[in-house]
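The values are calculated or read from the model by the stated rules, or taken from the named source; none is laboratory data. Keep in mind that what you see is a predicted model, and the values were worked out from it rather than measured. When we count neighbours, we look across all protein chains shown, and the Cβ atoms used for this are built from the backbone with ideal geometry, even at glycine. The area values use the complete protein model at the heavy-atom level, side chains included, leaving out ligands, DNA and RNA. Shrake-Rupley method; radii C 1.70, N 1.55, O 1.52, S 1.80 Å.
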Amino acid sequence: QVQLVESGGGLVQPGGSLRLSCAASGILFGLYSINWYRQGPGKQRELVASISGGTSTNYAYADSVKGRFTISRENAKNTAYLQMNSLKYEDTAVYYCNAVFRTSDHWGQGTQVTVSS
């Protein structure tokens, strides 16, 4: 059974930092590209950051988070991360982990990030 479990969300003040984790089980984690999406209140789900799987590593970020967020992975731990710095009010959202390899596509349940003073 495939599971993706996000953790690390919470309440943070503007300018603060959080690190989200996505722990995977039931998949050959190293093969999968990992994406972090978010869905803010009243907004559509958007792709925030991606990291490729396989032998080479490629990264991609939404313009809104470039220079502030960093995606990474530890294949030995079957875990991906999203380091979020300089958080803004508009980063408030539910953050979802997504693992994709060919036609295999899996989602976590999401973790809430709230940026508020």
Looking only at the stretch 18-33, decide whether some residue is polar (S, T, N, Q), at pLDDT 95 or above and over 18 Å from Val2 (Cβ atoms). no
Please go through the stretch 61-101 and give me each residue that is in contact with a Gly (Cβ under 8 Å, 6 or more places away or on another chain), over 15 Å from Ala23 (Cα atoms) and among the aromatic types (Phe, Trp, Tyr), ordered by number. Phe101
What's the number of the condition Gly42 fails, among (1) of a type outside the set (Lys, Arg); (2) buried (at least 18 other Cβ atoms within 10 Å of the Cβ); (3) under 26 Å from Ser117 (Cβ atoms)? (2)
Quick check on the stretch 71-117: of everything there that is within 19 Å of Phe29 (Cβ to Cβ) and among the hydroxyl-bearing types (Ser, Thr, Tyr), which residue is least open to solvent (accessible area, probe 1.4 Å)? Tyr95
